[in-house]
Structure formats: structure tokens, C-alpha cells
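> My questions will all concern the structure given below.
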Number of protein chains: 2
Amino acid sequence: MTQLSPYDTMTPVAQTTYRARAAATELAPLTRAVKDDVLLAIADAIEVRSAEIIEANARDIARAEEAGTPEATVDRLRLTPERVRAIASDVRGVVALPDPVGEVVRGSTLPNGLDLRQIRVPLGVVGIIYEARPNVTVDAAALCLKSGNAVLLRGSSSAVESNTALVRVVRDAIGGAGLPADAVQLVPGEGHEPVRELMRARGQVDVLIPRGGAGLIRTVVENSTVPVIETGTGNCHVYVDAQADVDMAVEILVNSKASRPSVCNAAETLLVHQDIAPAFLPKALAALAEAGVTVHGDERVLAHADGSGATVVPATPEDWETEYLSYDIAACVVDDLDRAVAHIRLWSSGHTEAIVTTSQAAARRFTQLVDSTTVAVNASTRFTDGSQFGFGAEIGISTQKLHARGPMGLPELTSTKYIVTGDGHVR
Amino acid sequence: MTQLSPYDTMTPVAQTTYRARAAATELAPLTRAVKDDVLLAIADAIEVRSAEIIEANARDIARAEEAGTPEATVDRLRLTPERVRAIASDVRGVVALPDPVGEVVRGSTLPNGLDLRQIRVPLGVVGIIYEARPNVTVDAAALCLKSGNAVLLRGSSSAVESNTALVRVVRDAIGGAGLPADAVQLVPGEGHEPVRELMRARGQVDVLIPRGGAGLIRTVVENSTVPVIETGTGNCHVYVDAQADVDMAVEILVNSKASRPSVCNAAETLLVHQDIAPAFLPKALAALAEAGVTVHGDERVLAHADGSGATVVPATPEDWETEYLSYDIAACVVDDLDRAVAHIRLWSSGHTEAIVTTSQAAARRFTQLVDSTTVAVNASTRFTDGSQFGFGAEIGISTQKLHARGPMGLPELTSTKYIVTGDGHVR
């Protein structure tokens, strides 16, 4: 163990982390009732101080507009009285969720009479690095508080005024309830250096969760000695099997692709069994065209393009690995289910893959062989979501295999410890 | 996703990893019956080819003796007919364990009628870097096979002949059963470079588990982009509370320290409440002396040393953080339970801490506030062990909070995936 340097000689980031650890120690044994009261106080404070939050946000907006930021991005940044109320309401949603801390995960009496219990405990200090909207600031704080964790937040510089105001309101509410305000802190300092320091704070920060684009996530994964949970890259596939209800397949395809193309659970590639291609592709291409989707098809898909009214362009190898996040989809015809699985194994980011089939054997084989966070049978890829899965809010969708996989709710923000109780037992 | 280079142009380590991934794909859907049959075939083959294994081991032993390796180390390396039989018997022990793959971890029917199931799946490719005895080679292979994972093994160069022979026998048995022998492979090449390459194989290797000294573990943690599970550093504490059965406390202390000092769950520090120190310390110091233990005590411990017959030397700050792994123990008197907890928070490696107390309130507070993999109440620290906990063999004891904490059995070698089943569900 490395000896800590005295507080006064620490960098601002190290001081922040040190205070977070101290706060985490106080949070860990809190009861659900205490934590829920704080969350309600936070929700109330956000509503009461809405004007202050919107004023701060206006400064971010003005700066973004001056810089010529695209209107869609500016809109994601913008807070309105309605959106502030929605943020408060989301915090109340977290109040309603069960507290994972203290849950007995397994337990038994050992042959020698020792009582063994494995119980959930908070992780400790959670670092979240995000590029998204200011509501993530409060969402993350609420989920971490409820699970007994202190949180270090690092939003994008474009939202710094909004995030500062939101965190001030949250901290005031926590302090007002007699709990340590340092449970929720922004990582101080400008530029990349503070994030770099956070990524090297192994032993002080228990986990880093990057939420944002592929570039951000890669940077954190490659430079962090703190354990990282990768989130959110989704190159999702819809596979239409030889035996499938064509209308159902079209509906699932269009919903998976076009109901909200900018999110990670939207479909990016269509795979079609060759036997159903003649019946399915003309209808599918027409429906995609109607939804405004451009298809990047292989030769066998292009062969069905005529008369469908669809925009079909030839696919290049890059298309198979692209997460478009737009009204585009790659498409190819495959010889059989195993070829579809092989394609997915090679190109998928391991987020969500759907099969549309009436065959029980095909459904079983596909779910067994596909190795992604979620496999959907006769359902849209869009269901991979914490709230859809009934977990309440989510802190992200993990696409890695360690610790958490798929939508991460409150239990995924915990670790466990074993408690062994005897009456003088020795080995 | 990075495009893989053609197999022929890969480095030997990359080729090994590539073959492991292919094997992992074949292992994942295997039934328990098939996996158990292979394990039994491996156990039989190890017994039948015992002479070949011992012959290879003799070459390692000769080399170690020539190099003037200490006899204790040579003995750990040595395989005898009896030890080879024990290795085979451990494999049969893994056969008896339940298969974690396919276990439904949670499941529900969502409000919209979708069926949601979260099931255990293999991690994929597990890398194990170890310094220990050759039996780890077979243990790790058996546990990984049973949990459907391919394994890449990197033992110490001093055991290379033994490990090569053992892996040859294991691979022959796997191949003989018609399964991919590449499920079990040694990482090829000499020196540090192959290990370095393994540590950068993110996306190809799913997890690295270093087993060995603190130096090895630190190197892997700091240089790996592959997710790592830290194992095994144990600076364990025994705290004797104000209210405690003195004889029980002495017995637990001596067992925790001296029953096997070289292992990670042995106690390294004794903390004594000031109120019980006069009654407890003279007996404890005498018992430790009898067990051959040198005590590194603070001033208040030293005050009780006279007449105990114990070897007590003054403790330095380094003693609080030292994992002796020898017949030494640090000891200090604390003002109260909270000071004991504060000492543990500052110095412990977070492995196992024990409290000896007759007070229910003290036991409750200690278990709540101490944040280690295992908290023992009126029991020896030595119980933190996969086999003692009833998990069968263990792949290591994780001292980190993510994914696995404490003794790791078969479930800890798995991830999960969600299966969502509908009949045309869209959002």
C-alpha cells in the first residue's frame, strides 16, 4: 500500500478523490430511509431552484451558439423548466427503487457450523466521465447515492455551467440533510490532465464508467489503471431466419432501425437467410425506404432493390463494422443461420442481436451461439434498456463481460463481502 | 473493431490467442455431461502418464538445484507419484461441482409480456499468469474447462518442463474426447515479451488473473489493457474487542497466524482493545511465543512483554503494511473498536479481518464498517478459502471490488447474457 501524502500537498483532483473516499465511508452504512429522504430533498431543491439552474444553462447555451455548435447538439444541452422538472422526477423514480445494499446474495451454514453470508456493499467511489446532456449529472448522482457510493463527475466542458449549478443544488441538499456533500463532486480543473489523473487513481477510485462516443471510451480503456466498465457501443444486428413471419420481421426491423436511430440499441445491420430473401427483402426495402432509411447492401440485397423504391447503395467492408447512429443500415443475405452467427461474431460490438423466426430450433441455436449482452427473439433490439428491463434508471449499458453486462441498474453499482460467523472456529 | 491480421502473419502469442478464441466458441455450448467426461479423461490420463510427468519435473528440479534455489522452493516445485495422484483427484473434484453455465440468474415477465432471462455464460478466454506450483496448471485448466472457458497459461520459467508435460497430457485427453485441444494452451516464448503481449490483447483475452507475489500482480495491473482480477495479497487483521472470551481470542489468534503463515489468509496484524489488553496480552504473547512467532509491537504491547517469554520487537510504521508470510505478526493496542476499524481502513489489503467479541453490538458494527472481502466473527481468518466456503476448488481470492470479491469459484469464471423473448414486440 502506498502511503498517502498529506492533504495539503495533494493536487486538486487528489484532494477531491480523498474527500470522496471519506464521504463514501459515511455513506456505506446508511439505511434506505435516510438515503431516500436525501433523494427527495434533492428532487425538491432542483424544482425550487429551477431558475438558478436554467440561468446557468443559458450561459452554456450562449457559448455553444457563439461557437457555431449544430442546433441538434445545442438542443441536447438546453434545459427548460419542463426538463428541469423531468430531472427532479427521475430522482423520485430512484427513490422508488429497492436499495441493493445489504441484500444477501448467497448464504449457507458450512459443514463445520460456520454461518456464511455474502452481502451486497457499495463499490465506494465511482467516477463517471460523460459527454451527454446535463441530466446525466443528476441521474448519476442519484443512482450512486442510492447505492451508497460517492461519485466523481466529469462532464463535457460545453456543459460546465449547467453541471456546476446542478451539483451545487445537489450538494446543498445533501449537506442540508446532515450528510457529507462530498458524496457528489465535479472533478476540478480544465483540459485532459484532470481526467488523466482520475484514470491513474487506482485504489482511490473503485471504478470508472465512461459514457459517450467510441473515442472517449477507447481513451479511458487504454489509459486507465482504475478498473473500467465499457458502455454503449452498439453495432446491433437483426437476423431474419428462413422460417419467419415476414410482416413481423419487417415491423421488428423498422422499429429496431428507425424508431430512434441515434441510440446504442438501434439496429445497424440486417442479415437475411437466403431462403426468405425473395419474400422478405422487397417488403423490407420498401418499408425502410418509407422510414427514410438508406440501405448499404451486398450484391444479393442489391438484386432485390429494383422496384422497392428503396435507396440501396453497395456495401463496403467498413459498413459491417459501422455504428451509423443515423438513418442507414447495412444489409446482407446469408446462406444459413450459422453464417449469420459467424457474421455477428466477426463484426458485432456485442450489444444486442435479434432473430425473427418461427422455428424453435433456430431460436434456441441463435440464443446459444450469439455472445452479446442481449439476444432478442421475435422482439426489437430497442428493448435493451434499464428502464425497459424493469431496473429503473440505468447508469449505462455495459458491453464488457466482467462485473456487469447489459443494462446496469443499482445492483451493478455494488460489490459484495462475505461475513463468516462462528463461535471460536479454527482450522 | 480492429480487423484481425491473417493468421500466418500473427505473432506466436497472437496465434495462440486466436486459437483459444476459436476453441472457446466450441466450448461455450457444451453440456455438463460432455465437460465432465473430458475432465474424467484428463484425470485418468494424468494418472496413467504419471511417469512422463515426473520425468519432466525431474529436469526442472535438477535445474533449480543447480541454480542453488532454496530447498523450500524446490520442494514446492517437486512432483511425486503421490502429488500427481492428488492433482488427478482434484480434477475429479471439479467434476463433482455444479456447472454454472446456463444458470438463470434472474428472470421475469415484463409488463408488456416480454420474457426476460439473465443466464450465465462463459467469459471466453481466460489468461492465468502464475508463479506457483505445477498443480495450478491442471487446477486452472479444469476449472476453466468446467465453466466453458478456454485458458491461456503462463507459469514460471522454473516449472516450464513440468507445465509442458502436464499441458501435453491434458491436451491429448481433450483431443481424444473429440474436443478442441486448444482450449488449454501454454503461452509460447521466453522472457517478459509474451506476457506483455498477452496483457495488451484486449478484445481477444477476456480476463487476466495473476496469481503470485505482489510484484507480479502490480505489473499486470499497471500494464494490462485486458481486464484484470487482482488476487491474493493478504494483510489480514485479528481484532480482540473489549468484551471477548480470552481463551477463544488466543486460540483464534494463534490459528490465524501460525497454522500456515505462508498463505494469504494468515493474520499479519493483531489489534487489541485497551480494556482487555491486561487480561489478554500476557496469555496471547506466551501462546505466540510457543508457536514460534515474533511480535512487532507498539509501546503498549511492549509494556506487556515482560515475563511472557515472547520475542517482542518494537514496531515501525512499515510493520502495519507488511504481509510477512512468516512467523511474524505486528501488534498494537487501540482505544476502541472505531480505532481498530480506522487502522484496518488505513493499512489492510482488504482481504480478511476477524473480530473476537461476545458483544452483539460490536460484532454488528465491525462487520458493517470493515470493507474487506471477508469479515470473520469469532472465527479464524484462515477460513477465507474457496474449498472452506464450499465452492470446491478456487481460481484465486480476489481482493478487488469489481466482478468478483473473495474466493473465486466457478460462477466467478462466468459472465451473463440477457435473453428477451417476444412474439413480435416493438417499442
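The values are calculated or read from the model by the stated rules, or taken from the named source; none is laboratory data. The shown structure was predicted, so the numbers you read here are calculated from the model rather than taken from an experiment. Methodologically, a virtual Cβ is constructed for each residue, glycine included, from the backbone with ideal geometry; neighbour enumeration extends over all protein chains shown.
> Consider only pairs whose beta carbons are under 9 Å apart and that are at least six residues apart or on different chains; among these, list those whose first residue lies in the stretch A:31-49 and is without any contact (Cβ under 8 Å) to a residue 12 or more places away in the chain and whose second residue is assigned to a helix (DSSP H, G or I) and surrounded by fewer than 15 Cβ atoms within 10 Å (Cβ to Cβ).
none
> Of everything in the stretch B:373-387 that's at the interface with chain A (Cβ under 7 Å from one of its Cβ atoms) and surrounded by fewer than 24 Cβ atoms within 10 Å (Cβ to Cβ), which residue is farthest from the chain's Cα centre (by Cα)?
Top of the filtered list is B:378.
> Only one residue in B:49, B:78 is of a type outside the set (Asp, Glu) and under 24 Å from the mean Cα position of the chain (by Cα). Which one?
Details: B:49 fails: under 24 Å from the mean Cα position of the chain (by Cα).
When all the criteria are applied, what remains is B:78.
> I would also like to ask the following. Restricting attention to the stretch B:403-427, and to residues there that are more than 7 Å from every other protein chain (Cβ to nearest Cβ) and part of a strand (DSSP E or B), which single residue is farthest from residue B:90 (Cα to Cα)? Explain how you work it out, then say what you get.
Of the residues in the stretch B:403-427, the ones more than 7 Å from every other protein chain (Cβ to nearest Cβ) are B:404, B:407-414.
From what's left, part of a strand (DSSP E or B): B:407, B:414.
Numbers: B:407: 17, B:414: 21 Å.
So, considering only residues that are more than 7 Å from every other protein chain (Cβ to nearest Cβ) and part of a strand (DSSP E or B), the one farthest from residue B:90 (Cα to Cα) is B:414.
> Looking only at the stretch B:352-362, decide whether some residue is over 14 Å from residue B:240 (Cα atoms), at the interface with another protein chain (Cβ under 10 Å from one of its Cβ atoms) and either surrounded by 20 or more Cβ atoms within 10 Å (Cβ to Cβ) or at pLDDT below 95 (or both).
yes
> Restricting the stretch A:114-156 to residues that are under 21 Å from the mean Cα position of the chain (by Cα) and among the acidic types (Asp, Glu), which is farthest from residue A:424 (Cα to Cα)?
A:131
> Inside the stretch A:125-212, counting only helices (runs of 4 or more DSSP H) that do not spill past its ends, which hold 2 or more residues that are crowded, with 24+ Cβ neighbours inside 10 Å? Spell out the reasoning first.
Values: elements: A:135-146, A:160-176, A:193-199.
In the stretch A:125-212, A:135-146, A:160-176 are the helices (runs of 4 or more DSSP H) which contain 2 or more residues that are crowded, with 24+ Cβ neighbours inside 10 Å.
> Pull up the stretch B:81-93, narrow it to residues that are of a type in the set (D, E, K, R) and either in contact with a strand residue (DSSP E or B) (Cβ under 7 Å, 6 or more places away or on another chain) or without any contact (Cβ under 8 Å) to a residue 40 or more places away in the chain (or both), then point me to the one that is surrounded by the most Cβ atoms within 10 Å (Cβ to Cβ). Lay out the reasoning, then the answer.
Within the stretch B:81-93, the first condition is being of a type in the set (D, E, K, R), and the residues that meet it are B:82-83, B:85, B:90, B:92.
In the following step, the residues that additionally are either in contact with a strand residue (DSSP E or B) (Cβ under 7 Å, 6 or more places away or on another chain) or without any contact (Cβ under 8 Å) to a residue 40 or more places away in the chain (or both) were identified as B:82, B:85.
Numbers: B:82: 8, B:85: 14.
Top of the filtered list is B:85.
> Can you tell me which residue among A:365, A:339 is under 24 Å from residue A:278 (Cβ atoms), more than 23 Å from the chain's Cα centre (by Cα), surrounded by fewer than 20 Cβ atoms within 10 Å (Cβ to Cβ) and within 11 Å of chain B (Cβ to nearest Cβ)?
Values: A:339 fails: within 11 Å of chain B (Cβ to nearest Cβ).
Every option except A:365 fails the conditions.
> Report whether or not residue A:113 is in a helix (DSSP H, G or I) and surrounded by fewer than 21 Cβ atoms within 10 Å (Cβ to Cβ).
Working: in a helix (DSSP H, G or I): no; surrounded by fewer than 21 Cβ atoms within 10 Å (Cβ to Cβ): yes.
The answer is no for residue A:113.
> How do the pairs read when you match residues in the stretch A:101-113 that are touching a residue at least 12 places away in the same chain (Cβ under 8 Å) and closer than 25 Å to residue A:426 by Cα with residues anywhere that are in a loop (DSSP other than H, G, I, E, B) and β-branched (Val, Ile, Thr), using Cβ under 9 Å and keeping only pairs 6 or more apart or on different chains?
That search, which allows pairs on different chains as well, returns nothing.
> Which of the residues spanning the stretch B:117-167 are without any contact (Cβ under 8 Å) to a residue 40 or more places away in the chain and farther than 20 Å from residue B:229 by Cα?
Those that are without any contact (Cβ under 8 Å) to a residue 40 or more places away in the chain and farther than 20 Å from residue B:229 by Cα: B:157, B:163, B:167.
> Any residue in the stretch A:59-72 that is closer than 18 Å to residue A:163 by Cα sitting within a Cβ distance under 6 Å of a residue that is assigned to a loop (DSSP other than H, G, I, E, B) and not polar (S, T, N, Q)? List the pairs, counting only those 6 or more apart or interchain.
A:61/A:78
> What pairs can you find where one residue is in the stretch B:304-332 and among the aromatic types (Phe, Trp, Tyr), the other is part of a loop (DSSP other than H, G, I, E, B), and their Cβ atoms are less than 6 Å apart, with a gap of 6+ or different chains?
Filtered contacts from the stretch B:304-332: B:327/B:261; B:327/B:292; B:327/B:293.
> For residue B:202, all conditions in the list (1) within 14 Å of chain A (Cβ to nearest Cβ); (2) under 22 Å from the mean Cα position of the chain (by Cα); (3) farther than 30 Å from residue B:272 by Cβ hold save one; what is the number of the exception?
Of (1) within 14 Å of chain A (Cβ to nearest Cβ); (2) under 22 Å from the mean Cα position of the chain (by Cα); (3) farther than 30 Å from residue B:272 by Cβ, only one is false for residue B:202: (2).
> Might you let me know whether the stretch B:302-324 holds any residue that is farther than 27 Å from residue B:366 by Cα, surrounded by 21 or more Cβ atoms within 10 Å (Cβ to Cβ) and not β-branched (Val, Ile, Thr)?
The answer is yes; a qualifying residue exists.
> Let me ask something else about it. Restricting to the stretch B:250-270, name every residue that is closer than 17 Å to residue B:330 by Cβ and within 10 Å of chain A (Cβ to nearest Cβ).
Those that are closer than 17 Å to residue B:330 by Cβ and within 10 Å of chain A (Cβ to nearest Cβ): B:252, B:253, B:254, B:256, B:265.
> If you scan the stretch B:250-299, which residues turn out to be in a loop (DSSP other than H, G, I, E, B) and not hydrophobic (A, V, I, L, M, F, W, C)? Break it down stepwise before answering.
Going through the stretch B:250-299, the residues in a loop (DSSP other than H, G, I, E, B) turn out to be B:259-266, B:274-276, B:291-293, B:298.
Within the stretch B:250-299, B:259, B:260, B:261, B:262, B:265, B:274, B:275, B:292, B:298 meet the criteria.
Per-residue answers, yes or no, for (1) away from chain A (no Cβ under 14 Å); (2) at pLDDT below 95:
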{"site": "B:17", "(1), (2)": "yes, no"}
{"site": "B:32", "(1), (2)": "yes, no"}
{"site": "B:50", "(1), (2)": "yes, no"}
{"site": "B:76", "(1), (2)": "yes, yes"}
{"site": "B:80", "(1), (2)": "yes, no"}
{"site": "B:83", "(1), (2)": "yes, no"}
{"site": "B:91", "(1), (2)": "yes, no"}
{"site": "B:95", "(1), (2)": "yes, no"}
{"site": "B:102", "(1), (2)": "no, no"}
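> Is it true that residue B:96 is within 24 Å of the chain's Cα centre (by Cα), more than 23 Å from residue B:154 (Cα to Cα) and loosely packed, with under 12 Cβ neighbours inside 10 Å? Spell out how you get there, then give the answer.
Details: within 24 Å of the chain's Cα centre (by Cα): yes; more than 23 Å from residue B:154 (Cα to Cα): yes; loosely packed, with under 12 Cβ neighbours inside 10 Å: yes.
For residue B:96, the condition - within 24 Å of the chain's Cα centre (by Cα), more than 23 Å from residue B:154 (Cα to Cα) and loosely packed, with under 12 Cβ neighbours inside 10 Å - is met.
> Continuing with this model, one more query. Quick one: residue A:346 ticks every box in (1) crowded, with 20+ Cβ neighbours inside 10 Å; (2) free of Cβ contacts under 8 Å to residues at least 60 places away in the same chain; (3) under 26 Å from residue A:229 (Cβ atoms) bar one, so which box is it?
With respect to (1) crowded, with 20+ Cβ neighbours inside 10 Å; (2) free of Cβ contacts under 8 Å to residues at least 60 places away in the same chain; (3) under 26 Å from residue A:229 (Cβ atoms), residue A:346 is out only on (1).
> To continue, here is another question. Just for the stretch A:240-285: of the residues that are modelled with pLDDT of 95 or more and among the hydroxyl-bearing types (Ser, Thr, Tyr), which one is surrounded by the fewest Cβ atoms within 10 Å (Cβ to Cβ)?
Here the answer is A:259.
> Let me ask another. Can you spot a residue in the stretch A:236-248 that is assigned to a loop (DSSP other than H, G, I, E, B), within 11 Å of chain B (Cβ to nearest Cβ), more than 16 Å from residue A:351 (Cβ to Cβ) and within 18 Å of the chain's Cα centre (by Cα)? First the steps, then the outcome.
The first filter runs over the stretch A:236-248 and keeps only residues assigned to a loop (DSSP other than H, G, I, E, B), leaving A:241-245.
Of the ones still in play, those that are also within 11 Å of chain B (Cβ to nearest Cβ) are A:244-245.
Applying the additional criterion that residues be more than 16 Å from residue A:351 (Cβ to Cβ) yields A:244-245.
Filter once more, so that each one left must be within 18 Å of the chain's Cα centre (by Cα): none.
No, there is no match, as no residue in the stretch A:236-248 is assigned to a loop (DSSP other than H, G, I, E, B), within 11 Å of chain B (Cβ to nearest Cβ), more than 16 Å from residue A:351 (Cβ to Cβ) and within 18 Å of the chain's Cα centre (by Cα).
> Can you pull out every residue in the stretch A:22-46 that is hydroxyl-bearing (Ser, Thr, Tyr) and either farther than 24 Å from residue A:92 by Cβ or within 26 Å of the chain's Cα centre (by Cα) (or both)? Give the steps one after another, and end with the answer.
Pass one, the stretch A:22-46, residues hydroxyl-bearing (Ser, Thr, Tyr): A:25, A:31.
The one that is hydroxyl-bearing (Ser, Thr, Tyr) and either farther than 24 Å from residue A:92 by Cβ or within 26 Å of the chain's Cα centre (by Cα) (or both): A:25.
> Here's a follow-up. If I filter the stretch B:389-399 down to residues being surrounded by fewer than 21 Cβ atoms within 10 Å (Cβ to Cβ) and more than 11 Å from the chain's Cα centre (by Cα), which single residue comes out as nearest to the other protein chains (Cβ to nearest Cβ)?
First, pick out the residues of the stretch B:389-399 that are surrounded by fewer than 21 Cβ atoms within 10 Å (Cβ to Cβ): B:390-393.
Going one step further and asking which of them are more than 11 Å from the chain's Cα centre (by Cα), we end up with B:390-392.
On the way: B:390: 6, B:391: 10, B:392: 13 Å.
Residue satisfying both the conditions and the ranking: B:390.
Residue-by-condition table, conditions (1) surrounded by fewer than 18 Cβ atoms within 10 Å (Cβ to Cβ); (2) over 26 Å from residue A:205 (Cβ atoms):
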| residue | (1), (2) |
| --- | --- |
| A:14 | yes, no |
| A:21 | no, no |
| A:24 | no, no |
| A:35 | no, no |
| A:40 | yes, yes |
| A:53 | no, yes |
| A:57 | no, yes |
| A:66 | yes, yes |
